[in-house]
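Taking it in order: structure first as structure tokens, then the write-up.
The values are calculated or read from the model by the stated rules, or taken from the named source; none is laboratory data. Here the structure is a predicted model, which means the values were calculated and not measured. Every residue, glycine as well, gets a Cβ built from its backbone with ideal geometry; the counts of neighbours run over all protein chains shown. Note: areas computed on protein heavy atoms with side chains; ligands, DNA, RNA excluded. Shrake-Rupley method; radii C 1.70, N 1.55, O 1.52, S 1.80 Å.
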Amino acid sequence: MSSQKGNISRSRGQKHQNSTAFKNDKHGASLQVKKANSKIHDGLCQHCKGVLEWKVKYNKYKPLTQPRKCVKCSQKTVKDAYHIVCKPCSLQLDICCKCGKKEDIIIPINSHSDNREEEELTKKGRRQRKKDVDDLDCDDEDFFAGLEDEEEEDVDSDKEK
Ligand SMILES: [Zn+2]
Ligand SMILES: [Zn+2]
């Protein structure tokens, strides 16, 4: 995992061992956390599934507010955060949605439940955009963090409008 970088090798055990496992919904989960917790990481290889589960567990999972562009079909069909390949392409090419490699998919994609999710995401994206205009001068950290995340993909989406 990425934690390898700058990892100072230590052979001793962890000094402060938590007696209970870390839980991200300990202090009353927000809607976003609840949604992330119930997320099914389908279409992913073992490694990527593990990475996303880790993100969810430690509240680092940021859901997408609008679809991203798929690296295979170049359509805005990627509806899951951190994925680079859309589910139809993943199914067709038998590759992982996140790393794009030909790996064993742990949870097969259920294409039926996908449409509903897409609809929800589109609605949410529209709402979010309107809200952004309304509170343009607010300094909502989440909002700006989200912007940074989306910046790359947004360059050409602006032209399409
Ligand atoms: Zn695709
Ligand atoms: Zn993968």
### Query
Restricting the search to the range 86-114, which residues are touching a strand residue (DSSP E or B) at 6+ places or on another chain (Cβ under 7 Å) and within 11 Å of ligand 1 (Cβ to nearest atom)?
Cys86
### Task
Look through Val71, Val51, Val78, Val85 and report the one residue that is open to solvent by 30 Å² or more (accessible area, probe 1.4 Å) and within 16 Å of ligand 2 (Cβ to nearest atom).
Val71
### Query
Which ones in the range 1-51 are at pLDDT 85 or above, in a loop (DSSP other than H, G, I, E, B) and among the charged types (D, E, K, R)?
Lys39, Asp42
### Message
Let me spell it out: the conditions are (1) out of contact with any His (no Cβ under 6 Å at 6 or more places or on another chain); (2) surrounded by 16 or more Cβ atoms within 10 Å (Cβ to Cβ); (3) within 25 Å of Arg126 (Cβ to Cβ), and Ile109 meets all of them except one. Which number is the exception?
### Response
(3)
#### Entry: Residues (surrounded by fewer than 15 Cβ atoms within 10 Å (Cβ to Cβ), among the charged types (D, E, K, R) and touching a residue at least 24 places away in the same chain (Cβ under 8 Å)) located in the range 54-68
none
#### Entry: Conditions (1) in a loop (DSSP other than H, G, I, E, B); (2) more than 15 Å from the chain's Cα centre (by Cα); (3) modelled with pLDDT of 70 or more: number failed by Asp137
(3)
